[in-house]
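The values are calculated or read from the model by the stated rules, or taken from the named source; none is laboratory data. Everything numeric here is computed off the predicted structure, so don't read it as measured data. We place every Cβ from the backbone using ideal geometry, glycine too, and count neighbours over all the protein chains shown.
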Amino acid sequence: IHRKISPEQPPYKTLIPYHSFLEKDASPLNPGEIAEIKFGLHVTSVLLKKGHRLKIAIAGCDKDTFSRYPSEGRPKISIYHSKSHASYIDIPIIQKDNRGDN
């Protein structure tokens, strides 16, 4: 429900879309509604060796931080990937260099 990107600047420096998570900014989706959702992931790093794979998991909430919405039933999350509803995940990759053991 907190999909609205805040026009205000957060009280800290960020490079990702800022969501206020305030009740007044909540914007629940209606069943069947198609919407563009933008969010950033905080910076992390990992060394992926040959043969390793990434798994992307999409959930309705961060269960350790937010209440479940809707509180009952099984939420349905659909990700569209058609010409009119394109989807993508942008994962920056830094190639291995010849310095050290990385």
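Please pick out the residue among Lys38, Lys4, Lys24, Lys13 that is in contact with a helix residue (DSSP H, G or I) (Cβ under 8 Å, 6 or more places away or on another chain) and of a type in the set (Lys, Arg).
Lys4 is the lone residue from the list that is in contact with a helix residue (DSSP H, G or I) (Cβ under 8 Å, 6 or more places away or on another chain) and of a type in the set (Lys, Arg).
Picking from residues in region 66-101 that are at pLDDT 75 or above and of a type in the set (S, T, N, Q), the one that is nearest to Pro17 (Cα to Cα) is Ser87.
Looking for something in contact with a Leu (Cβ under 9 Å, 6 or more places away or on another chain) and of a type in the set (S, T, N, Q) - is there at least one such residue anywhere in region 17-33?
Narrowing region 17-33 to residues in contact with a Leu (Cβ under 9 Å, 6 or more places away or on another chain): none.
So far as region 17-33 goes, no, none of its residues is in contact with a Leu (Cβ under 9 Å, 6 or more places away or on another chain) and of a type in the set (S, T, N, Q).
Kindly evaluate Leu47 against the criterion of being exposed (fewer than 11 other Cβ atoms within 10 Å of the Cβ), closer than 30 Å to Asp97 by Cα and at pLDDT below 75. No, not satisfied. Just need a number here: residues in region 50-67 that are surrounded by 10 or more Cβ atoms within 10 Å (Cβ to Cβ) and under 20 Å from Gly32 (Cβ atoms). Selection size over region 50-67: 2. Free of Cβ contacts under 8 Å to residues at least 24 places away in the same chain, closer than 17 Å to Ser87 by Cα and not aromatic (Phe, Trp, Tyr): is that true of Ile58 in this structure? Yes; evaluated as a whole, the condition is true for this residue. Taking first residues from region 12-29 that are touching a residue at least 24 places away in the same chain (Cβ under 8 Å) and partners that are basic (Lys, Arg), the Cβ contacts under 6 Å between residues at least 6 apart in sequence or on separate chains come to Ser27/Arg3; Ser27/Lys4.
I'm checking my understanding of the structure. Among residues of region 1-34 that are of a type in the set (A, V, I, L, M) and exposed (fewer than 10 other Cβ atoms within 10 Å of the Cβ), which one is nearest to the chain's Cα centre (by Cα)? Per the stated criteria, the residue is Leu15. Condition check for His42 on (1) closer than 30 Å to Lys4 by Cβ; (2) modelled with pLDDT of 70 or more: one failure, at (2). Checking the stated criteria, Lys4 turns out not to satisfy the condition of being under 27 Å from Pro92 (Cα atoms), charged (D, E, K, R), assigned to a loop (DSSP other than H, G, I, E, B) and touching a Pro at 6+ places or on another chain (Cβ under 7 Å).
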